[in-house]
Amino acid sequence: MAFKATPREASGITIVDVSGRITLGEGSAMMREMIRDLLGKGQKKIVLNLADVNYIDSSGIGELVSGFTTVRNQGGELKLLSLTKKVHDLLQITKLFTVFEVYNDEPSVLSSFR
Amino acid sequence: MTPAEKRIEITLDSVLQSVELAEDLVLRVAGAAGFDEENCHRIGMSVREGVINAVNYGNQQSPDKKVRMSVALLDDKMEIIVSDEGKGFRLEDVPDPLAEENLLKSSGRGLFLIRAFMDEFDLRRSRHGGAELVLTKRYADAPSGRP
């Protein structure tokens, strides 16, 4: 499945429904552009809903980390929602669970910004 | 080569499309060898990372340099060898991606993932002068066993 990212608003927070693969040459570059775009529009509270992301490689992981630091450096927050088992396992073995705030459901992630 | 050994060798251009080609090929072989979905994923991603390494860091996407990959079904394991024509590197020079100071880096996790996902990992000098990664996965990981 090809990479797709669809932003939507919920309580002043931007939730991006991401699907497909976040890999080198596929989703990575698009993910970077999308986050840059959102920041350009002043949207600094960002949630990446990864429920339909079935594959992330090291480049995709790098892009998530890069997005996290870019948003944070601009005074915003980037959080993750609904990880698939594969993505969950990857973040665990790369110790990135200690970096990202990860939530299992939308109400929880939305209330975490308040 | 023993009579039971099955081996495929391919030569790839140093372009990003080679990454998908290599991964697709290995996934087919791993599936045919009886590995389950989870292990196929791990093998496929390891090869993906190995070929990205060879294309980007080893050969630096040079049109004059090739990436060679060999996929073999040995008696007790699947063995994948990925080699490039770069300058080679030493594992001790690769930063630990789990170290506090590297956690927020946007790259440097490829080899770590290979080591996490495969049963054995070796780095040696290829006969073309570059790096040669040897990745193996034992059939014991496959519930359906050896084909």
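The values are calculated or read from the model by the stated rules, or taken from the named source; none is laboratory data. Everything numeric here is computed off the predicted structure, so don't read it as measured data. All Cβ positions, even for glycine, are placed from backbone atoms using ideal geometry, and neighbour counts span all protein chains on display.
Quick notes
- Among the residues of region A:79-114, the ones that are away from every other protein chain (no Cβ under 12 Å) and assigned to a helix (DSSP H, G or I) come to 8 in all.
- Count of region A:92-114 residues which are more than 23 Å from residue B:108 (Cα to Cα) and of a type in the set (A, V, I, L, M, F, W, C): 3
- Boolean, residue B:34 is touching a Phe, Trp or Tyr at 6+ places or on another chain (Cβ under 9 Å) and at pLDDT below 95: yes
- Filter result (facing chain A (nearest Cβ under 8 Å) and within 17 Å of residue B:44 (Cβ to Cβ)) within region B:103-125: B:109, B:110, B:112, B:113, B:116
- Residue count for region A:12-35 under the criterion of being surrounded by fewer than 19 Cβ atoms within 10 Å (Cβ to Cβ) and at pLDDT below 90: the result is 3.
- Pick from region A:54-78, criterion aliphatic (A, V, I, L, M) and facing chain B (nearest Cβ under 10 Å), ranking: nearest to residue A:3 (Cα to Cα): A:56
- Residues in region A:25-53 that are more than 14 Å from chain B (Cβ to nearest Cβ) and among the polar types (S, T, N, Q): A:43, A:49.
- Screening the candidates B:15, B:29 for the property of being of a type outside the set (S, T, N, Q), surrounded by 14 or more Cβ atoms within 10 Å (Cβ to Cβ) and within 14 Å of chain A (Cβ to nearest Cβ) yields one hit, B:15.
- Selection count where residues are farther than 24 Å from residue B:102 by Cβ and surrounded by fewer than 16 Cβ atoms within 10 Å (Cβ to Cβ), scope region A:76-105: 4
- Residue in region A:51-67 that is in a loop (DSSP other than H, G, I, E, B), in contact (Cβ under 8 Å) with a residue 24 or more places away in the chain and of a type in the set (Asp, Glu) present: yes
- Count of region B:21-68 residues which are more than 24 Å from residue A:22 (Cβ to Cβ) and among the hydrophobic types (A, V, I, L, M, F, W, C): 3
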